[in-house]
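The values are calculated or read from the model by the stated rules, or taken from the named source; none is laboratory data. This structure is a prediction, so every number in the text was calculated from the model and none was measured. Because the Cβ atoms are built from the backbone with ideal geometry, glycine has one as well, and the counts that use them run over all protein chains shown.
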Amino acid sequence: MKTASKIFTGLMFLFLFAPIVILLVFSFNEAKSTSVFSGFSLRWYRELFRDTETLKTVRNTLVLAVCAAGVSTVMGTAAAVGIDRMRSKYLRSALDTVTNIPMINPDIITGISMMLMFVFAGRLFGFANSLSFSTLLIAHITFCLPYVILQVLPKLRQMDASLPEAAMDLGCTPWRAFWKVELPELLPGVVTGMIMAFTLSLDDFVISYFTTGTGFQTLPIRIYNMTKKTVTPKMYALATIIFFVILTLLLISNLTGRSDSQALNSAKREKKTKN
Amino acid sequence: MIKDTARRRSFVTGLVSAPYELWAVLFILVPLAFVAYYAFTDNDFRFTTDNITRFFTATSPVVNADGTLGQTHTYLLITWRSLKLAVISTVVCLLLGYPLAYFISRSSPRAQKTMMTLIMIPMWMNFLIRTYAWMTILWDKGILNHALGRLGLGPVHIIGTETAVVIGMVYDYLPYMILPVYSVMAKMDPKLLEAARDLGCAPTGVLRRVILPLSLPGVVNGVTMVLIPSISTFYISQKLGKGLFFLLGDAIEGQYTANNLHFAAAIAFILMVALLAAMAVMRRLTNKYTYGESAA
């Protein structure tokens with residue numbers, strides 16, 4: 001049984017990583033083929049860095065992801081604080097349901113629904129080109145918000161409600177109490193939410209496909225348009241670079257995450273001994 | 001004084017979530033209303049049910065198995081096919097993901113962390129490129145057939161079949177099954193399993209009476225998270241199915257590209273209503289099942 005489960009686990013990881021290994025290997029292929037390896041070369045990496053159009057879409061994607069993550073983190077954290085304090089149970093559960101909609105709805109419906117509204121609004125106000133960077137940004141903020149809120153809400157619940165009260169009793173303004181007492185407690189949730197928002201925005205194709213105009217292309221849309229024809233290993237080279245960037249980020253976050261929790265644990269221990 | 005701060009505070013916090021409330025109404029609820037509005041209007045925005053009727057009645061010619069020409073309900077066939085492929089993919093994801101999540105949750109904490117990170121890495125890579133990479137693996141002259149040829153096995157034709165679409169869906173959405181199932185299993189107290197064994201439960205009994213019921217919420221989450229994207233995908237069917245197998249996502253995307261926004265909205269509306277109904281039924285069933293178990 002033990003070996004059987006190990007073999008099964010191994011096969012599953014082989015399945016999950018097979019296409020990624022293919023990407024890595026064929027990004028170094030000498031020939032244009034993406035199925036026959038003829039020799040090692042960095043040709044496709046050189047071509048990638050000469051492809052200004054693709055590099056521009058990489059920049060677009062990053063700009064969009066930073067804006068979407070920034071706005072949705074601020075608005076989402078504020079929303080979570082508000083939802084947590086909400087007195088009316090009815091209003092609260094209504095808001096919870098609405099927050100869940102973008103996560104449950106298929107991306108294609110979220111995309112289509114926003115596109116319809118933007119097109120309609122564009123007609124109403126007489127814009128020739130109603131889909132643009134701003135519509136794309138609105139769409140990205142919208143589908144990122146629930147993830148931020150759902151990361152921050154549990155932290156609010158874990159937090160001792162008397163902490164900000166104590167701060168205010170001691171003369172803090174509500175704003176200062178939030179800034180000095182609550183926010184540090186919420187920070188792990190806020191940061192996770194922001195990272196999730198950032199990566200979701202980077203990776204989104206379906207919603208962007210419906211809500212962007214002709215003027216602003218993101219990388220996934222560029223890839224989609226390129227895979228309509230045959231793909232050159234140039235795209236694989238790009239995917240390989242993305243893969244290693246992600247891997248590095250994950251390693252860093254794993255390492256710092258460990259030291260964070262260690263610091264927290266030692267701080268807790270110190271507290272206990274002092275008491 | 002305390003009351004005063006409390007009141008001031010609730011006023012401030014009420015304001016604090018106001019931007020989000022406004023945003024949610026404007027960009028979540030209003031767009032959904034627009035789906036319904038477009039679905040029930042024609043190009044001049046006059047009320048009509050034609051778009052909905054078209055979905056249920058439109059026909060297109062097909063070649064029957066015996067070579068004669070026949071008619072088929074275009075969108076009902078597409079719906080049936082989407083449902084079939086999505087259900088098959090979900091079942092395969094469950095059959096592969098459930099045991100994997102279990103094995104991971106039973107290994108050392110360090111191994112658990114590493115394996116879960118490994119499962120998440122593919123999710124962070126663009127799914128279009130990953131799906132495209134499967135094309136080069138499964139293609140008639142692709143890597144799989146090269147490998148099979150070396151072993152002296154005949155070439156297999158996969159690209160452009162429903163199997164290829166299912167492989168693509170399983171590959172892309174498997175992590176969505178593993179993550180929720182794993183998170184439930186990792187929280188499961190190992191003492192419960194020990195207790196069941198000590199009290200004379202056979203391994204199959206432990207699985208059926210302890211592990212399965214406890215992991216059910218994770219399974220329900222996983223099933224929804226796989227079923228919904230796979231019923232509405234359009235890229236996977238375009239690439240791995242060579243566009244031969246139109247799914248609901250393809251139908252919506254096709255109507256959008258052809259600028260038939262009202263009919264695209266009608267298909268999206270029907271899909272949305274069907275999914276809502278399915279989820280309501282599923283939630284009711286799982287509630288019944290979990291309560292039944294705990295009562296027994």
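Within region A:12-64, being closer than 30 Å to residue B:178 by Cα and aromatic (Phe, Trp, Tyr) holds for A:13, A:15, A:17, A:26.
Consider region B:132-180. How many of its residues are under 25 Å from the mean Cα position of the chain (by Cα) and aliphatic (A, V, I, L, M)? Qualifying residue count for the region: 16. Considering (1) touching an Asp or Glu at 6+ places or on another chain (Cβ under 6 Å); (2) more than 11 Å from chain B (Cβ to nearest Cβ), the lone condition that residue A:164 does not fulfil carries the number (2). Among the residues of region B:118-135, is any hydroxyl-bearing (Ser, Thr, Tyr), in a helix (DSSP H, G or I), facing chain A (nearest Cβ under 7 Å) and closer than 29 Å to residue B:158 by Cβ? For region B:118-135, residues hydroxyl-bearing (Ser, Thr, Tyr), in a helix (DSSP H, G or I), facing chain A (nearest Cβ under 7 Å) and closer than 29 Å to residue B:158 by Cβ: present. The condition (being within 9 Å of chain B (Cβ to nearest Cβ) and more than 20 Å from residue A:76 (Cβ to Cβ)) is satisfied by just one residue among A:145, A:170, A:116, A:131: A:116. Of these, A:9, A:34, which one is over 24 Å from the mean Cα position of the chain (by Cα), surrounded by 14 or more Cβ atoms within 10 Å (Cβ to Cβ), within 13 Å of chain B (Cβ to nearest Cβ) and closer than 24 Å to residue A:230 by Cβ? Only one candidate passes the filter, namely A:34. Being surrounded by 13 or more Cβ atoms within 10 Å (Cβ to Cβ) and either touching a Pro at 6+ places or on another chain (Cβ under 6 Å) or modelled with pLDDT under 90 (or both) holds for only one residue in B:39, B:65, B:86, B:58, and it is B:58.
To keep it simple, each residue is scored yes or no on (1) without any contact (Cβ under 8 Å) to a residue 40 or more places away in the chain; (2) of a type in the set (Asp, Glu); (3) surrounded by 13 or more Cβ atoms within 10 Å (Cβ to Cβ).
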position: B:203; (1), (2), (3): yes, no, no
position: B:226; (1), (2), (3): no, no, yes
position: B:250; (1), (2), (3): no, yes, yes
position: B:256; (1), (2), (3): yes, no, yes
position: B:262; (1), (2), (3): no, no, yes
position: B:276; (1), (2), (3): yes, no, no
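The selection criterion, being of a type in the set (D, E, K, R), buried (at least 16 other Cβ atoms within 10 Å of the Cβ) and touching an Asp or Glu at 6+ places or on another chain (Cβ under 9 Å), holds for residue A:107.
For region B:149-175, filtered to residues that are of a type in the set (Ser, Thr, Tyr) and out of contact with any Phe, Trp or Tyr (no Cβ under 9 Å at 6 or more places or on another chain), the residue that is surrounded by the most Cβ atoms within 10 Å (Cβ to Cβ) is B:173.
For (1) touching a Pro at 6+ places or on another chain (Cβ under 6 Å); (2) of a type in the set (Asp, Glu); (3) crowded, with 17+ Cβ neighbours inside 10 Å, each residue gets a yes or a no:
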site	(1), (2), (3)
A:16	yes, no, yes
A:46	no, no, no
A:60	no, no, yes
A:68	no, no, yes
A:75	yes, no, yes
A:94	no, no, no
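The lone criterion from (1) among the aromatic types (Phe, Trp, Tyr); (2) in contact with a Gly (Cβ under 8 Å, 6 or more places away or on another chain); (3) modelled with pLDDT under 90 left unmet by residue B:11 is number (2).
Here residue A:107 fits the description: in contact with a Ser or Thr (Cβ under 8 Å, 6 or more places away or on another chain), among the acidic types (Asp, Glu) and either under 25 Å from residue A:180 (Cα atoms) or within 8 Å of another protein chain (Cβ to nearest Cβ) (or both). Has region A:22-31 got at least one residue that is within 12 Å of another protein chain (Cβ to nearest Cβ), closer than 13 Å to residue A:232 by Cα, aromatic (Phe, Trp, Tyr) and assigned to a helix (DSSP H, G or I)? The answer is yes; a qualifying residue exists.
Please tell me if residue A:177 is within 12 Å of chain B (Cβ to nearest Cβ) and small (Gly, Ala, Ser). Walk me through it before giving the result.
Numbers: within 12 Å of chain B (Cβ to nearest Cβ): yes; small (Gly, Ala, Ser): yes.
Answer is yes for this residue.
Of the helices (runs of 4 or more DSSP H) contained entirely in region B:192-281, those carrying at least 1 residues that are under 30 Å from residue A:229 (Cβ atoms) and among the basic types (Lys, Arg) fall at B:235-239. Of the numbered criteria (1) at pLDDT 95 or above; (2) under 24 Å from residue A:240 (Cβ atoms), the one residue B:166 fails is (2). Taking the stated definitions as given, is residue B:104 assigned to a helix (DSSP H, G or I), within 8 Å of chain A (Cβ to nearest Cβ) and either among the charged types (D, E, K, R) or surrounded by 15 or more Cβ atoms within 10 Å (Cβ to Cβ) (or both)? Here the answer is yes, as residue B:104 does meet what is asked.
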